[in-house]
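Quick notes on the structure that follows.
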C-alpha cells in the first residue's frame, strides 16, 4: 500500500483538520465526534439538511457543506458508517426551528444509525424527516445493502434539495422533493482497479490485467459481472442501457447527465466518456439539459467511473441552477 | 493498460469534444488544429491570455479558459507540445486590440513552438509578449527541459494574470505582473506510481512496491531521487524544505499554499498533506493567507502530489480573489 498518510488510524481526523483549515470561511470541523458543519449554522427558519456516511468518497459529503447545499456532513471511518451519536451531534449543531432532513445513502449501517439518531433527536424535540437514496441499478441487495445502493445520484439530490431548503421550503416540501428526485435518478458504475482502505492495507478486490467490473459499488463491493476491458463506447453503452431501461428514460426526456470519476480516473477519460454518453443519448432522443463531469463521489484511488442520469422537471432544473457555495460545487456566488 | 478510451489515437480529440459539449456556455472547442477558446473571444480592449502544452495534465489548461483567466488553451497530444501553427491559430482567434500574452511552461518544445508562433503573429501585426514559468525546484535541466520545469505555479499564474487582464491592465503591465508571479512561486512534487500514455500503453517509469520518487516531473520524467515510502509528514517536510529554501520564503511571509494531486490521489490524502503543510509552515512562522487543494495540474492517473508556495503581495491577493468563471475554477459569479 502506497499512500500519503501518517498513521492509518489518523487518516480521517487529519484530513478533516486539513479540510477545516482550507475552508474556514465555509465550515467548522469538529473531532470526537467528527462533524463538518456550515460555518453559519444553525440558520433560523431553514430546514437543516444533513448527510453522511463512510469516508473515502470525497468530496462527498464534506465538500457539499455550505450555503445552498448541506448544513452538516457526518463522516464515518473509511468505508464505515458514522455512529448514531455522531449523527445526533450534527443534528443538534445545525437544527434551527424548521426541522431537519436526513439524506441517507442506502447502506445497512447508514440507514440504521441515521434512524436511531432520528429517534434520539425526536426525543429531544427535534423534528426529523429521512429520505433514503438507492439509485444504483447494478444489483439488488449486496454486501452492505438490503435493496439497491445509493451512489452518484446522491450528489444531485443534495444540491437540488439543499437549494429548496435555502429558498425556505418547509420540511414536508423538501422531503417530498427529495423523494421525487430519488424516484427520477438512476446510476451504474464500472471499476478498472480496486481501492485500498488505509486500515487494511490490502486492495478490496483483485481484477485481472485485462478485466473490468461492471456495476461496481463505491466500496468495491461486487457488481454485476467481470468482463474483458472494452472500448469506452461499449462501456458507456452498457452502463447507459441499464440506467435508461430501468427508470425507464424515454425520448424527449430532459436530463442531467453526470459522469463521475471513482478517484483515480484522469479527467481526459471522463470527458471522453461524457462525449460518448452524449452521442448515445442523442441516438435515443434523450436530451442532456444539464451536465456534471468530474470526481464527485469516489472510492479512494479506484480507477473507474459511474454514470448517473436524472430526469429533470422545471423545478429541479431551477434548483440545480440556484447558487451554491461549498468546497466542491460553487456557482452564483 | 486499462483506460476508458476508444482508439488511443483519438483520446485528445474525443475528450475535447466532450469538454466542449459539457461547457458550451464557457468555451468553443475547435479540432484540427485543436483549440479551446473563450466563448465570447475576442474581448475588445483586453489583453488576450493564452497558455497551452501537452494534454494529460487536465484540468490544465482547458479548464482555465473563461472570464477572469485564459482566453484560449492550446492542447497538444498527450505529453507533447502543441505546434506553432496551433498556437498561431489560437492567437488569431482571441487577439483583440490590446495584444496577447503567452504563458508558457518551461519545456523545450513548448518554448520553441510558442516562440515561433509569436514571430508569425508579429508578422501578422499582432503584438505578443511571452512569459515562461519554471517554478519546479527539484532539478535543473531534465529530459524535456533546459533549466527548471514549469509545474503547479502555472495554475496560480494563469489565475492572477488572467484577473489583471480582465480588469484592463495593458500588455506591458500584465507581462510585468506575470514575471513577478514567476519570481515569487516555487514547487516540488512526488510520485507514488507512474502514469501511462495511451499511445505507448506502457508506464512511463517503474517504482518498487515501497518506493517513491521525490521531485518527479509532470510527464514522469526523473526527479531528485528515489527513496523508500515515508510518512506524509516527512514527505511534506522534504518538499516544503526544498521549496522554502529555494526562494527563500521567510518568517511573516504571506503565502498561497497549493497542494495539488497528480491525478490518481484521493482527496483525503491531499487534505491530510495540506494539514501537515500548514503545521510545518506555522513552525516557520510563514503565514498561509490563501489555499488551493485538489487535482489542478495532473499527470494522467499518476498517484502523488506537488506542493506550490507563492509569496503574495496585496495586488496578487486581490487578483487571486477576483471573480473567475472557468470549468475548473469558479468564484464570484
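Collect the residues in region A:263-277 that are in a helix (DSSP H, G or I) and without any contact (Cβ under 8 Å) to a residue 24 or more places away in the chain, keeping them in residue-number order.
Matches in region A:263-277: A:268, A:271, A:274, A:275.
Look at residue A:41 and say whether it is under 23 Å from residue A:332 (Cα atoms), buried (at least 24 other Cβ atoms within 10 Å of the Cβ), in contact with a helix residue (DSSP H, G or I) (Cβ under 7 Å, 6 or more places away or on another chain) and more than 12 Å from chain B (Cβ to nearest Cβ).
Against the criterion (under 23 Å from residue A:332 (Cα atoms), buried (at least 24 other Cβ atoms within 10 Å of the Cβ), in contact with a helix residue (DSSP H, G or I) (Cβ under 7 Å, 6 or more places away or on another chain) and more than 12 Å from chain B (Cβ to nearest Cβ)), residue A:41 does not qualify.
Quickly run through region A:270-289 and pick out the residues that are within 12 Å of residue B:17 (Cα to Cα) and in contact with a strand residue (DSSP E or B) (Cβ under 8 Å, 6 or more places away or on another chain).
Matches in region A:270-289: A:270, A:271, A:273, A:274, A:277, A:278.
From the list A:274, A:296, which residue is within 10 Å of chain B (Cβ to nearest Cβ), touching a helix residue (DSSP H, G or I) at 6+ places or on another chain (Cβ under 9 Å) and crowded, with 20+ Cβ neighbours inside 10 Å?
Of the residues listed, the single one that is within 10 Å of chain B (Cβ to nearest Cβ), touching a helix residue (DSSP H, G or I) at 6+ places or on another chain (Cβ under 9 Å) and crowded, with 20+ Cβ neighbours inside 10 Å is A:274.
Among the residues of region B:310-333, are any within 19 Å of residue A:300 (Cβ to Cβ), within 9 Å of chain A (Cβ to nearest Cβ), touching a helix residue (DSSP H, G or I) at 6+ places or on another chain (Cβ under 6 Å) and touching a residue at least 12 places away in the same chain (Cβ under 8 Å)?
no
Working only within region B:45-93, note down all residues that are surrounded by 23 or more Cβ atoms within 10 Å (Cβ to Cβ), assigned to a helix (DSSP H, G or I) and more than 14 Å from chain A (Cβ to nearest Cβ).
If the condition is that a residue be surrounded by 23 or more Cβ atoms within 10 Å (Cβ to Cβ), assigned to a helix (DSSP H, G or I) and more than 14 Å from chain A (Cβ to nearest Cβ), then B:87, B:88, B:90, B:91 are the ones that fit.
Which residues, counting only those in region A:158-203, are within 14 Å of chain B (Cβ to nearest Cβ) and either in a loop (DSSP other than H, G, I, E, B) or out of contact with any strand residue (DSSP E or B) (no Cβ under 8 Å at 6 or more places or on another chain) (or both)?
Matches in region A:158-203: A:192, A:193, A:194, A:195, A:197, A:198, A:199, A:201, A:202.
Any residue in region A:165-178 that is in the same structural domain as residue A:69 (by TED's automatic domain parsing) sitting within a Cβ distance under 6 Å of a residue that is surrounded by fewer than 21 Cβ atoms within 10 Å (Cβ to Cβ) and assigned to a loop (DSSP other than H, G, I, E, B)? List the pairs, counting only those 6 or more apart or interchain.
Partner pairs satisfying both residue conditions: A:171/A:99.
Could you please find all residues in region A:230-245 being buried (at least 16 other Cβ atoms within 10 Å of the Cβ) and assigned to a helix (DSSP H, G or I)?
Scanning region A:230-245 gives A:232, A:233, A:235, A:236, A:237, A:238, A:239, A:240, A:242, A:243, A:244.
Taking region A:106-120 as the region of interest, how many residues are assigned to a helix (DSSP H, G or I) and buried (at least 22 other Cβ atoms within 10 Å of the Cβ)?
Residues meeting the conditions: 5.
Could you tell me whether residue A:251 is at pLDDT 95 or above and outside any loop (DSSP other than H, G, I, E, B)?
no
Failed condition for residue A:280, given (1) within 11 Å of chain B (Cβ to nearest Cβ); (2) in a helix (DSSP H, G or I), with all others met?
(1)
Which number in (1) more than 14 Å from chain B (Cβ to nearest Cβ); (2) in contact (Cβ under 8 Å) with a residue 60 or more places away in the chain; (3) at positive phi; (4) surrounded by fewer than 22 Cβ atoms within 10 Å (Cβ to Cβ) marks the one condition that residue A:254 misses?
All conditions are met except number (3).
Given the criteria within 27 Å of residue B:55 (Cα to Cα) and either within 12 Å of chain B (Cβ to nearest Cβ) or in contact with a strand residue (DSSP E or B) (Cβ under 9 Å, 6 or more places away or on another chain) (or both), does residue A:236 qualify?
yes
Which count do you get for residues in region A:199-236 that are under 23 Å from the mean Cα position of the chain (by Cα) and under 21 Å from residue A:267 (Cβ atoms)?
Of the residues in that region, 5 qualify.
Go through (1) buried (at least 24 other Cβ atoms within 10 Å of the Cβ); (2) free of Cβ contacts under 8 Å to residues at least 60 places away in the same chain; (3) more than 9 Å from chain A (Cβ to nearest Cβ) for residue B:260 and report which single condition fails.
Only one criterion is unmet by residue B:260, namely (2).
Restricting to region A:1-33, give me the number of residues that are part of a loop (DSSP other than H, G, I, E, B), closer than 20 Å to residue B:331 by Cα and within 7 Å of chain B (Cβ to nearest Cβ).
Residues flagged as part of a loop (DSSP other than H, G, I, E, B), closer than 20 Å to residue B:331 by Cα and within 7 Å of chain B (Cβ to nearest Cβ) within region A:1-33 amount to 0.
For residue B:291, which of the numbered conditions (1) surrounded by fewer than 24 Cβ atoms within 10 Å (Cβ to Cβ); (2) more than 11 Å from chain A (Cβ to nearest Cβ) fails to hold?
Evaluating residue B:291 over (1) surrounded by fewer than 24 Cβ atoms within 10 Å (Cβ to Cβ); (2) more than 11 Å from chain A (Cβ to nearest Cβ) leaves (2) as the failure.
The values are calculated or read from the model by the stated rules, or taken from the named source; none is laboratory data. On a predicted model such as this, the values are computed, not experimentally measured, just so you know. We place every Cβ from the backbone using ideal geometry, glycine too, and count neighbours over all the protein chains shown.
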